[in-house]
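Quick one: this structure, given as structure tokens, is what I'll be asking you about.
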Amino acid sequence: MNAPACSVCAAHEPRAEFVAWESPRWILRHHPYPAPLCGWFLLCARRHVASAADLDAEEAREFTQVLGACMRALRTSAQVPRVYVVMFGEGAPHLHAHLIPRDPACEGTRAWAVADWYRAVERGERAPALPDAVEGVISLMRARLTDELASFTHA
């Protein structure tokens, strides 16, 4: 799984408390502290693969099913009407999709403005998500995904 100096691989190692769901091929973890928003998750391939275009047929099928289930669970867990999915693939050449809850009541997070929000938290100009809230949404996601994605945990 690990490639030298891969930030995605490194993020999985010491932070089990942020993991909401995992299988032999996928891992869903909350953004570590300071988290830009409560419910900002990353769905990552365990295999070191640079892009969704590089998934084999079985991985591609699973990815769409797992991504959909994670988005539905996040909408319910974070109580938001929309979940953004962002995949750039240049910051780390390891497939990871950012799942970002979109609450219309949270000004400053609409569309691409969410990137400015992220950077403002990173610079200390905005408060990060509260740790208790992050722990709560992780627990809700674990509960919702355990049954829905049970068939993938033993793949």
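What does the helix-only formula give at 222 nm for the chain: each DSSP H stretch with n ≥ 4 adding -39500 (n - 2.57), the total divided by the residues, and the result rounded to the nearest 500 deg cm²/dmol? Write out the running numbers ahead of the final one.
Working: 4 runs with 56 residues, N = 155.
It comes out at -11500 deg cm²/dmol, rounded to the nearest 500.
About the Cα centre of the chain, how large is the charge dipole given +1 on each Lys and Arg Cβ and -1 on each Asp and Glu Cβ? Please answer in debye to the nearest 20. Before the final figure, lay out the partial values.
Working: 16 positive and 18 negative charges, 48 e Å.
Charge dipole of the chain: 240 debye, to the nearest 20.
While we're on this one: Please give the peptides 22-29, 135-142 ranked by average Cβ packing (other Cβ atoms within 10 Å per residue), highest first, as a rough proxy for protection.
Numbers: 22-29: 19.6, 135-142: 18.1.
Result, highest mean Cβ count within 10 Å first: 22-29, 135-142.
Also, I was wondering about something else. In the chain, which whole DSSP H runs stretch at least 20 Å along their own axis (Cα) and average -0.5 or higher on the Kyte-Doolittle scale? Spell out each step's value before the answer.
Numbers: long enough: 57-78 (31 Å, -0.10); 131-148 (26 Å, -0.03).
Span-like helices, by this rule, are 57-78, 131-148.
Can you check what the net charge comes to around residue 39, using other residues whose Cβ is under 14 Å from the Cβ of residue 39 (Lys, Arg +1; Asp, Glu -1)?
Details: positive: 29, 72, 75, 82, 102, 142, 144; negative: 103, 132, 135.
Residues close to residue 39 contribute a combined charge of +4.
Sum up the charges of everything whose Cβ sits under 13 Å from the Cβ of residue 108, counting Lys and Arg as +1 and Asp and Glu as -1, but leave residue 108 out.
0
May I ask you to evaluate 6.51 cos²θ - 1.76 cosθ + 1.60, the Karplus curve with θ = phi - 60°, for each residue of the stretch 81-87 and list the ³J(HN,Hα) values in order in whole Hz, giving x for glycine and proline?
x, 9, 10, 7, 10, 10, 9
Using the per-residue mean of other Cβ atoms lying within 10 Å as a proxy for protection, in what order, highest first, do the peptides 70-79, 102-111 fall? Before the final figure, lay out the partial values.
Details: 70-79: 20.0, 102-111: 12.5.
By packing density, highest mean first, the sequence is 70-79, 102-111.
Please give the net charge around residue 126, taking every other residue with its beta carbon less than 11 angstrom from that of residue 126, where Lys and Arg add +1 and Asp and Glu add -1. Let's see the in-between values first.
On the way: positive: 119, 123; negative: 116, 122, 125.
Every neighbour counted, the sum reads -1.
Let me ask something additional. Relative contact order of the chain, please, whole-number percent, based on alpha carbon pairs below 8 angstrom and at least 6 residues apart. Mind showing how you got there, number by number?
Details: 225 pairs, mean separation 47.8, N = 155.
After rounding, I find 31 percent.
To continue, here is another question. How many angstrom lie between the Cα centre of the stretch 47-117 and the Cα centre of the stretch 135-155?
What the calculation gives is 16 Å, centre to centre.
Could I ask something else about it? So for the chain, what percent of the C-alpha to C-alpha distances run longer than 18 Å? Don't skip to the end; give the middle numbers.
Working: 6755 of 11935 pairs.
The answer is 57 percent, as a whole percent.
Read-outs: derived from the displayed coordinates by stated rules, not from any lab. Here the structure is a predicted model, which means the values were calculated and not measured. Cβ atoms come from the backbone with ideal geometry, glycine included; neighbour counts cover every protein chain shown.
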